[in-house]
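Asks: Mind having a look at this structure? Questions to follow.
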Amino acid sequence: MKIESKFTKATLHALFPTLIYQDQLDQHSEFHQAFTSLDDEHFFSPSTAGGKRHHAGEYHGRILLHKEPSLRPFFECLALHVGRYLRELGMRTDVFEMQCLKSWLVLCDPEDEDEPEAMIAHNHSCSDISWVYYVDVPEDCPAIQFHAGRKLGNQLFESGFHFDWNDSTKSAVKTFNCWNSETWSIHPKQGDLLLFPGHQLHSVEANYSKRRRTSVAGDIALTLRKQQKDLEYGRTSPEHWLTLSLGDNEH
Ligand SMILES: [Fe+2]
């Protein structure tokens, strides 16, 4: 993709970037009401499970919010945004539909100051597209950080860019941008929806505010529509799948 230089008349070519989608949902007050009115069965204590803090409903077996009838308007809205994201990526959407695989609450209570991350870097390996919706978050909402997890294409000079990520005097970088940063932080606001590739590494900073941060996360798979049986790309519709066990008692 061609982009203009801020400094010269040169044409710059941006190659192999990652696209993250962020939008504020117009129906946030309606969705906030729906999520905060869920029955107690959908909530959990973040401090349970082996004495550790487990902020995500995944650790508590609560992964099926998308089956909750009162949340249907939210998931229909999510699907519209997934379509917009895919079209921004240059994909055709007329042959696909999306499957909600998992969806769960993430409840981050105020942290101990010595805990730098509420959630360490991870990805969602089963997912084509992952999402987070910020239901009820403090003004100083902790950032979600995305990590390259690999050497950047522009890392021409090896350690020339950074000697120490935590000390700006030990870096040749004058301005952080997507060409020289291995980590990128997004500070979402209440009502924001983020969409990103499921394989993308990300982490969440500790919640240093005074109140709970409530978000919802989920994983999506893209499948072809039922009638699409003559294409060489894409997963077939789940309606065509045959489910078999793996004979796990053989050995
Ligand atoms: Fe995650």
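Asks: Could you list all residues from the range 195-240 that are within 16 Å of the ligand (Cβ to nearest atom) and under 14 Å from residue 91 (Cβ atoms)?
Replies: 195, 197, 220
Asks: Here is a further query. Among the residues of the range 127-148, write down those that are over 13 Å from the mean Cα position of the chain (by Cα), surrounded by fewer than 20 Cβ atoms within 10 Å (Cβ to Cβ) and either at pLDDT 95 or above or over 13 Å from residue 206 (Cα atoms) (or both).
Replies: 136, 139, 148
Asks: Scanning the range 109-124 for residues that are modelled with pLDDT of 80 or more and farther than 14 Å from residue 58 by Cα, which turns out nearest to the chain's Cα centre (by Cα)?
Replies: Out of the qualifying residues, it is 121.
Asks: Please tell me if residue 28 is within 28 Å of residue 148 (Cβ to Cβ), in contact with a strand residue (DSSP E or B) (Cβ under 9 Å, 6 or more places away or on another chain) and more than 16 Å from the ligand (Cβ to nearest atom).
Replies: no
Asks: Please give the number of the condition residue 101 fails out of (1) in contact with a Cys (Cβ under 9 Å, 6 or more places away or on another chain); (2) buried (at least 19 other Cβ atoms within 10 Å of the Cβ); (3) at pLDDT 95 or above.
Replies: (2)
Rundown of residues vs (1) in contact with a strand residue (DSSP E or B) (Cβ under 9 Å, 6 or more places away or on another chain); (2) over 24 Å from residue 146 (Cα atoms), yes/no style:
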residue: 185; (1), (2): yes, no
residue: 188; (1), (2): yes, no
residue: 207; (1), (2): yes, no
residue: 230; (1), (2): no, yes
residue: 236; (1), (2): yes, yes
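Asks: Please tell me if residue 32 is at pLDDT 95 or above, touching a Lys or Arg at 6+ places or on another chain (Cβ under 9 Å) and buried (at least 17 other Cβ atoms within 10 Å of the Cβ).
Replies: In short, no.
The values are calculated or read from the model by the stated rules, or taken from the named source; none is laboratory data. Everything quoted here is computed from the prediction, not taken from an experiment. Reconstructed Cβ throughout: ideal geometry from the backbone, glycine too, with neighbour counts over all protein chains shown.
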